[in-house]
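**Q** Just passing along the structure, written as structure tokens.
The values are calculated or read from the model by the stated rules, or taken from the named source; none is laboratory data. Just so it is clear, the structure is predicted and the values come from calculations on it, not from any experiment. So basically every Cβ, Gly included, is an ideal-geometry build from the backbone, and we count neighbours across all protein chains shown.
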Amino acid sequence: MGYRENWGGTRSNLWNASNPLVMLIIIHAMFFILLQFIKSLYTFSSIQDAEFYKNIYHLFLLSGDPGKLISRPWTLITMQFSEVKLIIVIGNLIWIWTFGQLVQDLLGNQRLFPIYLYSAFASGIFFMLTLNLIKGEQAEIMFYSAIAPGILGLAVAATMVSPQYRFFPMIGGGIPLWVISCIYLLLDIASISSNIFLLIPHAIGAITGFFFVWMLRKGNDIGEWMNVLSGYVRSWSTPIKKNTAASKTSSFYDQGKRSAFTKKSNITQARVDAILDKINQRGYENLTEEEKKILKQASNVDL
């Protein structure tokens, strides 16, 4: 489908996976399971659901009260993954997979989390500002989940790069990506139609996805620091390999002074960058077969 850059090594643990999309889905599933487990404890204890939402669930969501944000700063992150209704979780995961897969193929694996997190974060900040301007003192009783704005950011980012990408191409030529994005946008608007003040925060999530790709085209990767930080954290849990070669290797074999044969790629970084620029400007589907082959080979070698 496109050029994908590996984001991590070959180890298969959760925090060093080569597919951040799988990590994102696992995190969503973990939050859902945790919240459902706690909710079931309340149910078995014959405690009303309202108490669960008040004492537990709201600890994971962003409060409209700025004072609560100061005492619960973690909600800027947990609000992006917290949902307790199964049908909504399933729908969210389907959309995350749909747009996330395209973002990884068209922009690279390392851009998935920054776009999702930035879009949800910006949406949450504007939710708090909008709510306090409109609702005033009532803002402290309202809470916010920023999953949908994060998905909107992914949808807009993927659509900007390749709006004519086709789903189900065997059926009447396929459905363009921009149509799928519009469908999700309409579904999202319908879901928040009873709370008009949510339109601005959700719109900010979409605009953030647009802004991320716009900056990327200008040569500014505003999500790079996240990947650097992630790599630094992962390095803490990655043990340093010790040299376990048997001593007889150096004792009984003549190693000589010649260096071992090193395979060199004939694909240059400049060539790959030029193709990626072409994707950003015209979309992946406009690449020639030769260019697609070069990207496929580049994903398997170190330049």
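**Q** Can you work out which of the residues in the range 120-152 that are polar (S, T, N, Q) and in contact with a Phe, Trp or Tyr (Cβ under 9 Å, 6 or more places away or on another chain) is nearest to residue 53 (Cα to Cα)?
**A** 145
**Q** Could you grab the pairs with beta carbons closer than 7 Å, sequence gap of 6+ or different chains, first residue in the range 27-38 and outside the structural domain of residue 79 (by TED's automatic domain parsing), second one at pLDDT 95 or above?
**A** Filtered contacts from the range 27-38: no entries.
**Q** Still on this model: So, restricting to helices (runs of 4 or more DSSP H) that lie completely within the range 14-132, which ones have at least 3 residues that are over 23 Å from the mean Cα position of the chain (by Cα)? Walk me through it before giving the result.
**A** Values: elements: 20-44, 49-55, 66-71, 75-78, 86-107.
Qualifying helices (runs of 4 or more DSSP H): 20-44, 49-55, 66-71.
**Q** Identify the residue in the range 1-38 that is modelled with pLDDT under 50, buried (at least 17 other Cβ atoms within 10 Å of the Cβ) and not hydroxyl-bearing (Ser, Thr, Tyr) and, among all such residues, is farthest from residue 228 (Cα to Cα). Full working, then the answer.
**A** Step one: list which residues in the range 1-38 are modelled with pLDDT under 50, which gives 1-16.
With the extra rule that they be buried (at least 17 other Cβ atoms within 10 Å of the Cβ), the set shrinks to 2-4, 7-8, 16.
Now drop any that are not not hydroxyl-bearing (Ser, Thr, Tyr), which leaves 2, 4, 7-8, 16.
Numbers: 2: 24, 4: 18, 7: 11, 8: 11, 16: 13 Å.
Residue satisfying both the conditions and the ranking: 2.
**Q** Out of the residues in the range 69-90 meeting the condition of being surrounded by fewer than 16 Cβ atoms within 10 Å (Cβ to Cβ) and not β-branched (Val, Ile, Thr), tell me which one is farthest from residue 112 (Cα to Cα).
**A** Checking each candidate, the answer is 71.
**Q** Yes or no: residue 53 assigned by TED's automatic domain parsing to the domain that holds residue 212 and within 30 Å of residue 276 (Cα to Cα)?
**A** In short, no.
This table checks each residue for (1) touching a residue at least 24 places away in the same chain (Cβ under 8 Å); (2) loosely packed, with under 14 Cβ neighbours inside 10 Å; (3) in contact with a Gly (Cβ under 6 Å, 6 or more places away or on another chain); (4) not hydrophobic (A, V, I, L, M, F, W, C).
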| residue | (1), (2), (3), (4) |
| --- | --- |
| 104 | yes, no, no, yes |
| 115 | yes, no, yes, no |
| 133 | no, yes, no, no |
| 143 | yes, no, no, no |
| 149 | yes, no, yes, yes |
| 155 | yes, no, no, no |
| 162 | yes, no, yes, yes |
| 197 | yes, no, no, no |
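**Q** Scan the range 39-50 and tell me whether some residue there is of a type outside the set (Gly, Ala, Ser), surrounded by 12 or more Cβ atoms within 10 Å (Cβ to Cβ) and either modelled with pLDDT of 95 or more or within 30 Å of residue 236 (Cα to Cα) (or both).
**A** So far as the range 39-50 goes, no, none of its residues is of a type outside the set (Gly, Ala, Ser), surrounded by 12 or more Cβ atoms within 10 Å (Cβ to Cβ) and either modelled with pLDDT of 95 or more or within 30 Å of residue 236 (Cα to Cα) (or both).
**Q** Is it the case, given these coordinates, that residue 136 is touching a Lys or Arg at 6+ places or on another chain (Cβ under 6 Å), more than 30 Å from residue 231 (Cα to Cα) and modelled with pLDDT under 90?
**A** Against the criterion (touching a Lys or Arg at 6+ places or on another chain (Cβ under 6 Å), more than 30 Å from residue 231 (Cα to Cα) and modelled with pLDDT under 90), residue 136 does not qualify.
**Q** Can you name the residue in the range 140-192 that is assigned to a helix (DSSP H, G or I), in contact with a strand residue (DSSP E or B) (Cβ under 8 Å, 6 or more places away or on another chain) and within 30 Å of residue 84 (Cβ to Cβ) and is also modelled with the lowest pLDDT among such residues?
**A** 140
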